[in-house]
Amino acid sequence: MESIKAAGAVAGRIQANVSTVIVGKPAAIELVLVALATGGHVLLEDVPGTGKTLLAKTLARSLDATFRRIQFTPDLLPSDVVGLSFFNQKAGEFEYRPGPIFAHILLADEINRATPRTQSALLEAMEERQVTVEGVTRPMERPFMVLATQNPVEQEGTFPLPEAQLDRFLLKLPVGYPEADEEMAILDRFREQNPFTELKPVAGLADVLALQAAVPQVFVSRPVQQYIVDIVRATRMHAGVELGVSPRGTLALMKACQALAAIRGRDYILPDDVQQLALPVLGHRIITTSHARVRGTGAKDVVSRVLTEVAVPAEKTAFRAEGGAS
């Protein structure tokens, strides 16, 4: 329990620090921290100017982590992402020049503008934390997190992410427009200078690794596990779904719930955690039928319907069998 309390304290510091720059987005910041705590990746989908890039940069600076940005374009090559081997004439041998993927926080900006071949260059790194170039595999330093962005409105000149790529993202979430009072707060905060320039780290990489180590210690009761499985299986049997959530999605939902509990300083999952994370974790893993899309039924509608249909376990079943959270 002490490690989980410490994890909650670290997450609280990071969230507060990021919030000094990012105004009015506590839910989005918390979800990004959920991904960080699990070693997962996030797909930020929203229109330009909503703070997606600033969120990634602010998170990296709060952690004193290395940050790289790759602007994905149609002419971007896989070697521009993972690096390449070149012949050094002075040394008389081939040398490897690492690509920008070797960073703690990687911003893959407008990822859907690159060709599928270049998009796939991220797959091995996202799943296995390693990069293979010309038959040589090189491990990546941990933590490693991809924050990818895409514009949901502009489709010209884009290459939609394939299911295999989408499944590698733990979460997909919008940033959203601010409320009127939040937009006023943005004007006040940025009127004289950008608060990002004064931002200081509040946690180190060792803190992040300790946070990630604490997440698996969060207890998941049998009824809550069954609840997660029932929700996932219900997506596969829904009449409007062509492709339901994969077993990777089942595991992702449980891990995300463990992370949410940990960053809130709790050592057990509640059914409320599952309900809160069901859409951001499962929504992008669902493909609706063409008939459902014509009727305007999307993944969000499917998840909402499933949550109303699947029986919710009693909250007391979330605690440890010994009679309460330790």
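Annotations
- Those strands (runs of 3 or more DSSP E) of the stretch 84-202 in which at least 1 residues are farther than 21 Å from Pro48 by Cα and not assigned by TED's automatic domain parsing to the domain that holds Lys300, considering only elements entirely within it, cover 93-98, 130-133, 136-139, 145-150.
- Which listed residue is more than 13 Å from Thr149 (Cβ to Cβ), in the same structural domain as Asn112 (by TED's automatic domain parsing) and in contact with a His (Cβ under 6 Å, 6 or more places away or on another chain), from Ala11, Ala65, Ala16: Ala65
- Only one of the numbered conditions (1) β-branched (Val, Ile, Thr); (2) in contact with a helix residue (DSSP H, G or I) (Cβ under 9 Å, 6 or more places away or on another chain); (3) at pLDDT below 95; (4) not in a loop (DSSP other than H, G, I, E, B) is violated by Thr53, and that is (2).
- Of the residues Ala16, Ala60, Ala27, the single one that is among the aliphatic types (A, V, I, L, M) and surrounded by 15 or more Cβ atoms within 10 Å (Cβ to Cβ) is Ala60.
- Any hit, the stretch 246-255, residues being in contact (Cβ under 8 Å) with a residue 40 or more places away in the chain and more than 24 Å from Leu33 (Cβ to Cβ): yes
- Lone unmet requirement of (1) of a type outside the set (Gly, Ala, Ser); (2) farther than 30 Å from Gly176 by Cβ; (3) exposed (fewer than 12 other Cβ atoms within 10 Å of the Cβ) for Pro98: (3)
- Out of Ala299, Ala292, one residue alone is buried (at least 20 other Cβ atoms within 10 Å of the Cβ), modelled with pLDDT under 90 and either in contact with a Phe, Trp or Tyr (Cβ under 8 Å, 6 or more places away or on another chain) or not assigned by TED's automatic domain parsing to the domain that holds Leu171 (or both). It is Ala299.
- Any hit, the stretch 224-240, residues being among the aromatic types (Phe, Trp, Tyr) and either under 25 Å from Asp46 (Cα atoms) or at pLDDT 95 or above (or both): yes
- Residues being on the phi > 0 side of the Ramachandran plot, touching a helix residue (DSSP H, G or I) at 6+ places or on another chain (Cβ under 7 Å) and not assigned by TED's automatic domain parsing to the domain that holds Gly283 are represented in the stretch 19-26 by at least one member.
- The set of residues from the stretch 264-276 being over 12 Å from Thr317 (Cβ atoms), crowded, with 19+ Cβ neighbours inside 10 Å and at pLDDT below 95 comprises Arg266, Asp267.
- Filter pass, Glu134 being charged (D, E, K, R), over 28 Å from Gln15 (Cα atoms) and touching a strand residue (DSSP E or B) at 6+ places or on another chain (Cβ under 6 Å): yes
- One residue from Ala37, Ala9 being in contact (Cβ under 8 Å) with a residue 12 or more places away in the chain, surrounded by fewer than 18 Cβ atoms within 10 Å (Cβ to Cβ) and in a helix (DSSP H, G or I): Ala9
- One residue from Thr20, Thr115 being of a type outside the set (A, V, I, L, M, F, W, C) and within 23 Å of Ala203 (Cβ to Cβ): Thr20
- The stretch 114-173 - residue that is hydroxyl-bearing (Ser, Thr, Tyr) and crowded, with 18+ Cβ neighbours inside 10 Å and, of those, nearest to Ala27 (Cα to Cα): Thr149
- Matching residues, the stretch 124-163, being more than 22 Å from Lys57 (Cα to Cα) and touching a helix residue (DSSP H, G or I) at 6+ places or on another chain (Cβ under 7 Å): Gln130, Val131, Thr132, Val133, Gly157, Thr158, Phe159, Pro160, Leu161, Pro162
- The helices (runs of 4 or more DSSP H) found wholly in the stretch 214-286 and carrying at least 2 residues that are β-branched (Val, Ile, Thr) and under 29 Å from Pro162 (Cβ atoms) occupy 222-237, 271-282.
The values are calculated or read from the model by the stated rules, or taken from the named source; none is laboratory data. Given the structure is predicted, the values throughout are model-derived calculations rather than measurements. Glycine also receives a Cβ, built like all others from the backbone with ideal geometry; neighbour counts cover every protein chain displayed.
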